[in-house]
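Please read the structure below before turning to the comments.
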There are 2 protein chains.
Amino acid sequence: MDDTATTRRAAIDYVDRLENRDWPGWTALLTDNVVYEMPQTRERVRGRDAFLRFNTEYPGDWHLRVRRVVADGRTAALWLDFRVGAEQQDACVWLEMSEHGLISRVVDYWPEPYDPPPGREHLVERW
Amino acid sequence: MDDTATTRRAAIDYVDRLENRDWPGWTALLTDNVVYEMPQTRERVRGRDAFLRFNTEYPGDWHLRVRRVVADGRTAALWLDFRVGAEQQDACVWLEMSEHGLISRVVDYWPEPYDPPPGREHLVERW
């Protein structure tokens, strides 16, 4: 596989193994010193062990589904559907790969709903 | 150019021409019936003319910079740095291309800062 194919496969596996709570399989995708960042809260988790704990300790019966994956060389972007019970949220995830085909950096965005600003009603429809 | 190269070029030009207020050049990248969506506000703009007005009427002296572009076949993802004066926000943009190499769909996410939930302080560092 070329870099893009390896990255695309890793991105899909990353989500599938999280969803299946396949922790050995999931950690096998990551470099030892993987960095996980959430810019909205300015939080950073360093290292595979802490990143594993972050996920195993994450509260709720959460579920993930890939809406889109875009892979390009050693980077990928994932558009995810995240659900906990009846609550649904989209997420945007940016991945970087090491030269050995492991995920070395993950950056998550969790955009929340908000009210549109006034002044553009003449151009938009709502759903 | 193959599909991925065409998509990557269009994604970069999309941002550059917005930043430069090159409206003829920007609209030339879009299909007539391009659809623009903002899922957080559940707003949708239909068609190139309305999408152009949406951008030309957008308030403030805004500036865009590409932080990352990921292109894959006829889809792309853009990680953007958006600024108005001293205000800064990241954006995640998903693009779809038509078979003729024009942008047919744009989906924007505008994730805002929020406070981290309690209970994971032992795993994270803040910046």
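The values are calculated or read from the model by the stated rules, or taken from the named source; none is laboratory data. All values reported here derive from a predicted model rather than from experimental measurement. Positions of Cβ are backbone-derived with ideal geometry, glycine not excepted, and every protein chain shown enters the neighbour counts. When the accessible area is computed, the model is the full protein with side chains, heavy atoms only, and any ligands, DNA or RNA have been set aside. Shrake-Rupley method; radii C 1.70, N 1.55, O 1.52, S 1.80 Å.
Yes or no: A:W62 facing chain B (nearest Cβ under 9 Å), open to solvent by less than 60 Å² (accessible area, probe 1.4 Å) and in contact with a Lys or Arg (Cβ under 8 Å, 6 or more places away or on another chain)? Criteria not met by A:W62.
Taking the conditions (1) more than 13 Å from the chain's Cα centre (by Cα); (2) in a helix (DSSP H, G or I) in turn, A:M1 satisfies each one other than (2). Screening the stretch A:18-47 for residues that are touching a residue at least 24 places away in the same chain (Cβ under 8 Å), in a strand (DSSP E or B) and more than 24 Å from B:Y114 (Cα to Cα) and picking the one that is farthest from the other protein chains (Cβ to nearest Cβ) gives A:T31. State whether the residues of the stretch A:77-86 include one that is β-branched (V, I, T) and in contact (Cβ under 8 Å) with a residue 40 or more places away in the chain. No, every residue in the stretch A:77-86 fails to be β-branched (V, I, T) and in contact (Cβ under 8 Å) with a residue 40 or more places away in the chain.
For the stretch A:98-127, filtering for residues that are part of a strand (DSSP E or B), of a type in the set (A, V, I, L, M) and within 12 Å of chain B (Cβ to nearest Cβ) leaves 1.
Inspection of the stretch B:80-89 finds no residue satisfying the criterion of being in contact with a Lys or Arg (Cβ under 9 Å, 6 or more places away or on another chain) and at the interface with another protein chain (Cβ under 8 Å from one of its Cβ atoms). If you go through the stretch A:65-85 and keep only what is surrounded by 15 or more Cβ atoms within 10 Å (Cβ to Cβ) and β-branched (V, I, T), you end up with A:V66, A:V69, A:V70, A:T75.
As a summary of the residue check, B:A77 satisfies the conditions (1) of a type in the set (A, V, I, L, M); (2) touching a Phe, Trp or Tyr at 6+ places or on another chain (Cβ under 6 Å); (3) farther than 16 Å from A:P111 by Cβ except for the one numbered (3). Any residue at all in the stretch B:3-11 that is surrounded by fewer than 19 Cβ atoms within 10 Å (Cβ to Cβ), without any contact (Cβ under 8 Å) to a residue 40 or more places away in the chain and within 17 Å of B:L78 (Cα to Cα)? Yes: the stretch B:3-11 contains one or more residues that are surrounded by fewer than 19 Cβ atoms within 10 Å (Cβ to Cβ), without any contact (Cβ under 8 Å) to a residue 40 or more places away in the chain and within 17 Å of B:L78 (Cα to Cα). There is no residue in the stretch B:92-105 that is farther than 27 Å from B:N33 by Cα and open to solvent by 10 Å² or more (accessible area, probe 1.4 Å).
Before we move on, is A:R126 more than 30 Å from B:R8 (Cβ to Cβ), of a type in the set (K, R) and exposed (fewer than 14 other Cβ atoms within 10 Å of the Cβ)? Yes: the conditions hold for A:R126. Looking only at residues in the stretch B:65-79 that are basic (K, R) and either assigned to a strand (DSSP E or B) or under 10 Å from the mean Cα position of the chain (by Cα) (or both), the one that is nearest to the other protein chains (Cβ to nearest Cβ) is B:R68.
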